[in-house]
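J.: Sharing a structure here in structure tokens format.
No lab work stands behind these numbers, since they all come straight from the coordinates. Only a predicted model underlies this, so the values are computations on that prediction, with no experimental measurement involved. Because the Cβ atoms are built from the backbone with ideal geometry, glycine has one as well, and the counts that use them run over all protein chains shown.
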Amino acid sequence: MASKADIFKSALEICTKYKASKELVSDLTELLEPRNGGAVVDWDEVLKKDGNGDVIEMLCSVSDVWLPATAEFFYTDTQGKGAPGTDKLKRLSKQGELIRRNFGKAINATEKAVMSDVLGGKMKPEAGKKIIDDARAGKPDYTKVSKVLPTKEDTKVQE
């Protein structure tokens, strides 16, 4: 299978071969040109600094909660691409990720339980589908993310 870069190059070669208009080449370039992945972050909007310019807080990317910009609250980016002015911290907070992971595990457990009940004849497929759809429609509750570090008991991932 051809890579995106190969497809883009081939498309431009075809445009040249058939003397395509500049507008067509421009539109195809906009559509097919490979781009760098990942979100572009405006660090000024997600970092709070003190009077000395030192980063004191960072906005968690999943919970939208301002937390102290420390390794106790945020993961460290091992590739060194983290937030500038920090110890290369990722924008994903540990609390937010735990809540997101637990939410995903709860949905998976619900799906397994419903599937078991449907296959076991304890529940009709329509009722099971409704329960699964309702579970998937929910969202993680990030209201528990706070500037107070959770205890070890709070940080356990649900089984």
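J.: How many nm is it between the label spots at ARG101 and ILE14, if each spot is 7 Å from the Cα in line with the beta carbon?
T.: Distance between the two pseudo-spin positions: 4.6 nm.
J.: Can you tell which of GLY82, THR70, PHE103 lies farthest toward the positive end of the dipole of the chain, using +1 and -1 charges on the Cβ of basic and acidic side chains (Lys, Arg; Asp, Glu)?
T.: Going by the charge dipole, the pick is PHE103.
J.: Using amide H atoms built 1.01 Å from N in the peptide plane, name the residues 5+ places from LEU92, or on other chains, whose amide H lies under 5 Å from its own.
T.: Amide H neighbours of LEU92: SER61, TYR75.
J.: Okay, moving on. Spin-label point model (7 Å from Cα, Cβ direction): what's the ALA71 to LYS129 distance in nm?
T.: Each label point is offset 7 Å from its Cα along the Cβ direction, giving 5.1 nm.
J.: Here's something else I'd like to know. Whole-Hz Karplus ³J(HN,Hα) for segment 91-104, in order, using 6.51 cos²θ - 1.76 cosθ + 1.60 and θ = phi - 60°, x for Gly and Pro?
T.: Karplus-based 3J(HN,Hα) across segment 91-104 equals 7, 8, 7, 5, 5, x, 5, 4, 5, 5, 5, 5, 4, x Hz.
J.: Something else about it: May I ask you to list the trypsin sites (Lys or Arg not before Pro) in segment 1-80 that are in a DSSP loop and have at most 13 other Cβ atoms within 10 Å of their Cβ?
T.: On the way: sites: LYS4, LYS9, LYS17, LYS19, LYS22, ARG35, LYS48, LYS49; in loops: LYS19, ARG35.
Answer in residue order: LYS19, ARG35.
J.: Could I ask something else about it? Mind checking segment 79-133 for trypsin sites (Lys or Arg not before Pro) that DSSP puts in a loop (not H, G, I, E or B) and that have at most 14 other Cβ atoms within 10 Å? Walk me through the numbers on the way to the answer.
T.: Numbers: sites: LYS81, LYS88, LYS90, ARG91, LYS94, ARG100, ARG101, LYS105, LYS112, LYS122, LYS129, LYS130; in loops: LYS81, LYS88, LYS122.
Loop-located and lightly packed - LYS81, LYS122.
J.: Tell me the relative contact order for the chain as a rounded percent, counting alpha carbon contacts under 8 Å between residues six or more apart. Before the final figure, lay out the partial values.
T.: Details: 149 pairs, mean separation 25.2, N = 159.
The normalised contact order for the chain reaches 16 percent.
J.: Please list the non-local residues whose amide H lies under 5 Å from the amide H of GLU57, H modeled 1.01 Å from N, same-chain partners needing a gap of 5 or more.
T.: Answer set, sorted by chain and number: LYS48, ALA69.
J.: Can you list the HN-Hα couplings for segment 25-32, worked out from phi with the Karplus curve (6.51, -1.76, 1.60; θ = phi - 60°), rounded to whole Hz and with x for Gly and Pro?
T.: 3J(HN,Hα) across segment 25-32, in whole Hz: 4, 4, 5, 5, 4, 4, 6, 10.
J.: Return a whole-number percent for the relative contact order of segment 67-149, with Cα pairs under 8 Å and 6 or more residues apart as the contact set.
T.: Details: 71 pairs, mean separation 22.7, N = 83.
Relative contact order comes out at 27 percent.
J.: Name the aspartates and glutamates eligible as straight-distance cross-link partners of LYS81: C-alpha to C-alpha under 19 Å, and not fewer than 8 places from it in the same chain.
T.: ASP42, ASP44, GLU45, ASP54, GLU57, GLU72, GLU97
J.: If you rank SER93, SER61 by fewest surrounding Cβ atoms within 10 Å, what's the result?
T.: Working: SER93 25, SER61 16.
Ascending Cβ contact count within 10 Å gives the list SER61, SER93.
J.: Further question: Please name which of SER26, ILE56, ILE132 has its Cα lying farthest along the dipole of the chain towards the positive end, using unit charges on Cβ (Lys, Arg +1; Asp, Glu -1) and the Cα centre as origin.
T.: The residue sitting most towards the positive pole is ILE132.
J.: Could you tell me which of the pairs LYS105/LYS139; LYS112/LYS144; LYS48/LYS152 are separated by over 21 angstrom between their Cα atoms in the structure shown? Can you show the working numbers first?
T.: Details: LYS105/LYS139 13 Å; LYS112/LYS144 27 Å; LYS48/LYS152 28 Å.
LYS112/LYS144; LYS48/LYS152, as the Cα separations exceed 21 Å there.
J.: Let me ask another. To the nearest 20 debye, what charge dipole does the chain have about its Cα centre, counting +1 at the Cβ of each Lys and Arg and -1 at the Cβ of each Asp and Glu? Kindly include the intermediate steps, with their values, before the conclusion.
T.: Details: 27 positive and 26 negative charges, 111 e Å.
I would put it at about 540 debye.
J.: For a quick check of your reading of the filter: which chymotrypsin sites (Phe, Trp or Tyr not before Pro) in segment 11-115 sit in a DSSP loop and have no more than 13 other Cβ atoms within 10 Å?
T.: Answer by residue number: TYR18.
J.: Mean separation of Cα pairs under 8 Å and 6+ residues apart, divided by the residue count of segment 96-144: what relative contact order is that in percent?
T.: 50
J.: Tell me, what HN-Hα J-couplings in whole Hz come from the Karplus equation 6.51 cos²θ - 1.76 cosθ + 1.60 at θ = phi - 60° for each residue of segment 123-135, using x for Gly and Pro?
T.: Values, residue by residue: 8, 7, x, 5, 5, x, 4, 5, 4, 5, 4, 5, 5 Hz.
J.: Any chance you could check the Cα centroid distance between segment 96-127 and segment 1-56 for me, in angstrom?
T.: Centre-to-centre distance over Cα atoms comes out at 39 Å.
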